[in-house]
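Beneath this line is the structure, given in structure tokens, with notes to follow.
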Amino acid sequence: MKLASLNKGRDGELIVVSRDLTRYCGAADIAPTLQAALDHWETTAPKLQARFDALQNGEVTSFPFDTGDCHSPLPRAFHWADGSAYVNHVELVRRARGTEMPESFWTDPLMYQGGSDTFLAPTGDIAMASVDWGIDFEAEVAVITGDVPMGIDAGSAEDHIRLVMLVNDVSLRNLIPGELAKGFGFYQSKPSSAFSPVAVTPDELGHHWRDGKVHLDLHAVLNGEKVGSPNAGVDMTFNFPQLIAHATKSRPLGAGTIIGSGTVSNVDRSSGSCCLAEVRMLEIIADGKPVTPFMRFGDRIQISMYNENNESIFGSIDQQVVQYINPQ
């Protein structure tokens, strides 16, 4: 089934969306918000599935679906942790900087905990005070979990994945080095992220969901020009169950936790890139200097994924970078 949240209130209003993303019907009588549905998934999921089936069969009152009416499926979440599962991407970035990558990066996932109280709507502006901060997009895949016990093993973690969606993990590249130099991780360099309008249960992906990965191309288009469309299932060193197991080493995860994959990246560079930092690093390796600029005011980024029939699965993240104006 496919779920979304109308942009109503701080936590949205839960709706069920048709498979082709053309219609929706209300679900607030089952659960007012997606978080509420996740909190009681064992009882709400069968009811939501029945509502989805009725929508598919035209047996329930429905309305035209417009992604512009949506917030993030979870407009705010208790927990957002982003991994870096495509280690070849990490290796590339470090090689361009002339630094060696520790061998442990291939066996122990990188992960940071980001801010989750101010997610952007999938069509919401990316408002930044300065382009000098190095504004970049990062196209990723993410999962939403149910309650996960501390210390779970990767073999059991997949049972706790409830939904899958896309991410634009906005990064401020020119602020990152100074923060990392302090030895205390990201903060100012990781502003609010955006997620796809629709989150789907793994079964909606059919055979493209296997081994805890999504085996489909992730498309990143900047100002109408393709930046990349690497396959999210290829070269993913750590799958989602492994990332979940890593996150639960010393703590449980509450229902509604979002786990991101990190920037999707393939060793075969012919498919392009899912962030400008990687584009620039490839330019440095090839020519000694970057040519591609980071995002500027007015730039538009679109992130999407399609099935074999070229139908959008999650709807598109479609955002524009704008100048932030301080409130008076």
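The values are calculated or read from the model by the stated rules, or taken from the named source; none is laboratory data. Here the structure is a predicted model, which is why all the values come from computation and not from measurement. Note that we place each Cβ from the backbone using ideal geometry, even for glycine, and neighbour counts take in every protein chain shown. The accessibility values were calculated without ligands, DNA or RNA, using every heavy atom of the protein model including side chains. Shrake-Rupley method; radii C 1.70, N 1.55, O 1.52, S 1.80 Å.
Listed values, structure above:
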item	result
Debye log10 I(q)/I(0) at q = 0.20, 0.23, 0.24 Å⁻¹ for the range 254-328, Cα point scatterers	-1.13, -1.20, -1.21
Whole-percent carbon and sulfur share, accessible surface of the range 215-319, 1.4 Å	47
Subset of Lys2/Lys213; Lys213/Lys289; Lys190/Lys213; Lys8/Lys249 violating a 27 Å alpha-carbon distance limit	Lys213/Lys289; Lys8/Lys249
Residues of the chain: accessible area per residue with a 1.4 Å probe, Å²	44
Mean Cα-pair separation over length for the range 169-328, i.e. relative contact order, pairs under 8 Å, 6 or more apart, %	21
Pair Gln320, Ala286: separation of 7 Å Cα→Cβ label points (nm)	3.0
Cα convex hull of the range 75-136, projected area averaged across orientations, nm²	6.1
For the chain, Kirkwood radius (reciprocal of mean inverse C-alpha pair distance, Å)	20.0
Against the rule of thumb 2.2 N^0.38 Å, how large the Cα Rg of the range 1-157 comes out	1.29
222 nm mean residue ellipticity, helices alone, for the chain (DSSP H n ≥ 4; -39,500 (n - 2.57); rounded to 500)	-5500 deg cm²/dmol
Förster radius 45 Å - calculated FRET efficiency between Ala50 and Ala181 (Cβ-Cβ, nearest 0.05)	0.25
The range 130-211 - convex hull of the alpha-carbon atoms, volume per residue in Å³	139
Debye-sum result for the range 64-173 in log10 I(q)/I(0), which assumes one identical scatterer on each alpha carbon, at q = 0.19 Å⁻¹	-1.23
Kirkwood estimate for the range 4-95, i.e. one over the average of 1/r between Cα atoms, Å	14.8
Length-normalised contact order of the chain in % [C-alpha pairs under 8 Å, at least 6 apart]	23
Largest-first principal axis extents, alpha carbons of the range 225-293, Å	46, 21, 20
Gap separating the Cα centres of the range 1-41 and the range 250-302, nearest whole Å	30
Packing-based order for 223-231, 235-243, using average beta carbon neighbours within 10 Å, highest first	235-243, 223-231
